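Below is one structure, written out as structure tokens; comments come after it.
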């Protein structure tokens with residue numbers, strides 16, 4: 001019997017809107033039906049963010065669909081969930097988020113040793129001209145790769 005591949009849920013928009021300065025891996029407190037739903041790949045990080053309250057880190061606005069085989073005891077879709085980091089990491093995050101313009105953004109939701117983990121990043125918002133610059137660079141890189149591929153395969 002083959003191993004079941006667990007889904008990785010990514011926040012692609014975060015890399016467009018933010019410049020990621022540093023990343024951490026955090027555990028997350030979930031209900032059983034939430035884990036099952038994430039295992040089915042039915043979660044969305046698009047509007048999610050993390051914030052520090054009373055010395056603890058909380059993940060807000062993470063959307064986890066109700067479990068397909070759940071009953072009336074199913075979880076609430078957008079509830080606040082606690083993130084688990086050690087005290088030193090929390091203190092470092094607290095110190096860094098006091099800096100102007102820095103926020104904590106979830107980047108990935110994945111399984112590690114049958115536990116759900118969240119990769120969070122300390123991020124600075126990009127300005128509109130930064131986004132345009134990044135888009136232009138991607139386009140130029142794509143065209144360069146295509147030209148190199150055509151040259152090496154002998155196409156004209």
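Quick note: the coordinates plus some simple rules give every number you see, no bench work behind them. These numbers were taken from a predicted model, which means no experiment stands behind them. Neighbour counts are summed over all protein chains in view; Cβ atoms, including those assigned to glycine, are modelled from backbone coordinates with ideal geometry.
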At R0 = 35 Å the Cβ-Cβ FRET efficiency linking residue 46 and residue 153, nearest 0.05, sits at 0.35
If 138, 81 are placed from fewest to most neighbouring beta carbons inside 10 Å, the sequence is 138, 81
Taking r as the C-beta separation of residue 142 and residue 39 and R0 as 25 Å, the FRET efficiency to the nearest 0.05 is 0.15
Answer check: the range 9-125, Cα atoms, Kirkwood Rh, Rg/Rh ratio of 0.97
If 104, 9 are placed from fewest to most neighbouring beta carbons inside 10 Å, the sequence is 9, 104
Going fewest to most other Cβ atoms within 10 Å around each Cβ, 97, 139 line up as 139, 97
Site residue 97, offset 7 angstrom along Cα→Cβ, radius 17 Å on amide nitrogen, limited to the range 115-132, gives 118-125
